[in-house]
1. Please list log₁₀ I(q)/I(0) at q = 0.26, 0.28, 0.30 Å⁻¹ for the stretch 91-148, using the Debye equation with identical point scatterers on the alpha-carbon positions.
2. Counting helices only, and only those DSSP H runs with n ≥ 4, report the 222 nm mean residue ellipticity of the chain as the sum of -39,500 (n - 2.57) divided by its residues, in deg cm²/dmol to the nearest 500.
3. When the scattering of the stretch 200-273 is computed by the Debye formula from its Cα atoms alone, each counted once and equally, what is log10 I(q)/I(0) at q = 0.21, 0.23, 0.24, 0.26 Å⁻¹?
4. Which shape class, rounded, prolate or oblate, goes with the stretch 168-232 when its Cα gyration tensor gives a ≥ b ≥ c as root eigenvalues, a/c under 1.5 marks rounded, and past that a/b bigger than b/c marks prolate?
5. Taking R0 as 30 Å, what FRET efficiency do you get between T153 and E200 from their Cβ-Cβ distance, rounded to the nearest 0.05?
6. Quick one: 3J(HN,Hα) in Hz for the stretch 37-46, Karplus 6.51/-1.76/1.60 with θ = phi - 60°, rounded, Gly and Pro as x.
7. Can you give the Kirkwood hydrodynamic radius of the stretch 241-368 from its Cα pairs, in Å with one decimal?
8. If you wrap a convex hull around the alpha carbons of the chain, what volume per residue comes out, as a whole number of Å³?
Amino acid sequence: MKKILTIGLGLALMVSCNSKKDGYTLSGTITGELDNGTRIFLRTTDSLNQLIAVDTAVVENGAFEFVGVQNNPKLHYVMVESAMGNIPLILENGDIDLKFQKDSLSHARVKGTPQNDLFMKFMGESRKLSDRARSMQNDMRNAAQQRDTATVTALREEYIEFQDDVKNFNIDFAKQNPNALISVLIINNLMMGKVIPQNEVEALFEGLSPEMKASDQGLKLKEQLDNAKSTEIGGIAPDFSAPTPDGDLLALSDVKGKLTLIDFWAAWCRPCRAENPNIVNVYNKYHEKGLNIIGVSLDARAEDWTKAIEADGLAWNHISNLKRFQDPVARLYNINAIPAAFLLDENGVIVAKNLRGEALEKKVAELLN
């Protein structure tokens, strides 16, 4: 399922930066009625992007505090007991000041440390763009209800131009703030959403400060950029190995045929499941002529994975680390949306990508007949 560039940010970040303080003090002030003893949760995400608990504080007279050490600044989330939503902030050593209203977490204000100041600068402009988007969407909805087709058409054209404004805002922010943690994430989103060509993503990355390039997130981005080059058509497909449903390790090199399809999918992915009958048909027609398939599942539960294999009649080789998009094989191939597929010749050269339906069978027939 295609991921697109979004203004709101929910991905985890880690970077290294210098700080004058050995630890952090996160001081929070809440306006609005909130009982003393209400719990405030500080959370972050693990390697699978799942929320994990970091610390808990309690409200006393509208205030709370977290104290600790965070040598590698990282995006965290402040959550209020029995309240919807969360407040993203960058936890880094220093004095961080957080102010918000109980019923309006999305408009919280964070200041006091360099990365949070840059983060709030970005979010402030992002909110203005979000307001514009909502306004246009409401106008389009009203015009559609009134069957005012001329206005709907005009608003759609305006919205296309607005999307360019969003893209340019993100690009300009990353260029103008090369030492901002948020710039690393912006570049990552531009790449993952395929919003700009790969060479432009690489140019933005090269414009980052040495500190951001050497940060944890910067190093991950560099790895993704390198992987993207190696998985382009004409490149040699990187080898990999992962567990089969039986728990044995299986490598790509073990299953290569005259033609090999690497199919990234998951039991929960509806477009993947809809495409499976076509892949089964192609496999049945061309397996004896040299077509092999290795399915790479981005499921999280073995039971879901194996049931889908059986239900869809997928009679080829399968592997999975059961880590969704954090699967090492998926990361090696820069997979950020599924279904995704790579077709390899007998030498492991990538000859086609993401073919579906008739296009897949046509290409396989062309190469094997």
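Just so you know, all these numbers are worked out from the coordinates, no wet-lab data involved. Given the structure is predicted, the values throughout are model-derived calculations rather than measurements. Don't worry about glycine lacking a Cβ; one is built from the backbone with ideal geometry, like all the others, and counts go over all protein chains shown.
1. At q = 0.26, 0.28, 0.30 Å⁻¹ the computed log10 ratios are -1.03, -1.08, -1.13.
2. -13000 deg cm²/dmol
3. -1.03, -1.08, -1.11, -1.17
4. Taking the square roots of the gyration eigenvalues as a ≥ b ≥ c, the stretch 168-232 is oblate.
5. That gives a FRET efficiency of 0.50.
6. Running phi through 6.51 cos²θ - 1.76 cosθ + 1.60 with θ = phi - 60° gives x, 4, 7, 10, 10, 10, 9, 9, 10, 8 Hz.
7. Values: mean 1/r = 0.0694 Å⁻¹.
By the Kirkwood definition, the hydrodynamic radius is 14.4 Å.
8. Convex hull volume per residue, Cα atoms: 178 Å³.
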